[in-house]
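Right, one structure below, let's go through it.
The values are calculated or read from the model by the stated rules, or taken from the named source; none is laboratory data. This is a predicted model, so every value here is computed, not measured. Here the Cβ positions follow ideal geometry from the backbone for every residue, glycine too, while neighbour counts run over all protein chains shown. What goes into the accessible areas is simple: the full protein's heavy atoms, side chains included, and nothing from ligands, DNA or RNA. Shrake-Rupley method; radii C 1.70, N 1.55, O 1.52, S 1.80 Å.
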Amino acid sequence: AFGPTVTSFVQPGPVPNTQDFVLWSFFNSMFCNPFCLGFIALVFSVKARDKKIAQDPAAASTYGKTAKHLNIAAVSLGIVCSIIVIVLLAVY
């Protein structure tokens, strides 16, 4: 009367591991935040992580690259501003 039941599972393919730079963005937003670049980088990092979870690697890569560029700018400006402050304090 009833035959054996066949169950099949479809495994989704592996999602490429894109970087989202959340920790770096969090560090920049807390300690090295000239012109709020660290906070903006944190927003883009969270968007990249959301897109990675939603399995949209193209958008995750785009948001991740933007976060990376903003983090680089934030660190660079933070270092330059720190050096300028130290020099001005030493001269004054």
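Couplings for region 54-64, taken from phi via the Karplus curve 6.51 cos²θ - 1.76 cosθ + 1.60 with θ = phi - 60°, read 7, 6, 10, x, 5, 5, 4, 5, 5, 5, x Hz in order; Gly and Pro are left as x. Over the residues of the chain, the helix contribution to mean residue ellipticity at 222 nm works out to -23500 deg cm²/dmol, using -39500 (n - 2.57) for each DSSP H run of at least 4. For the chain, the longest principal axis of the Cα atoms and the long axis of helix 22-31 meet at an angle of about 20 degrees. Using a probe of 1.4 Å, the accessible surface attributed to residue 47 totals some 90 Å² when neighbouring protein chains are kept in position. Measuring r between the beta carbons of residue 87 and residue 23 and using R0 = 22 Å, the FRET efficiency lands at 0.15.
Computed log10 I(q)/I(0) for the chain at 0.11, 0.13, 0.22 Å⁻¹: -0.45, -0.54, -0.95, from the Debye equation with unit scatterers placed on every C-alpha and solvent omitted. Around residue 47, under 11 Å between beta carbons, what's the net of Lys plus Arg minus Asp minus Glu among the other residues? Neighbour charge sum, excluding residue 47 itself: 0. The angle separating the long axis of helix 37-53 from the principal Cα axis of greatest extent in the chain is about 10 degrees.
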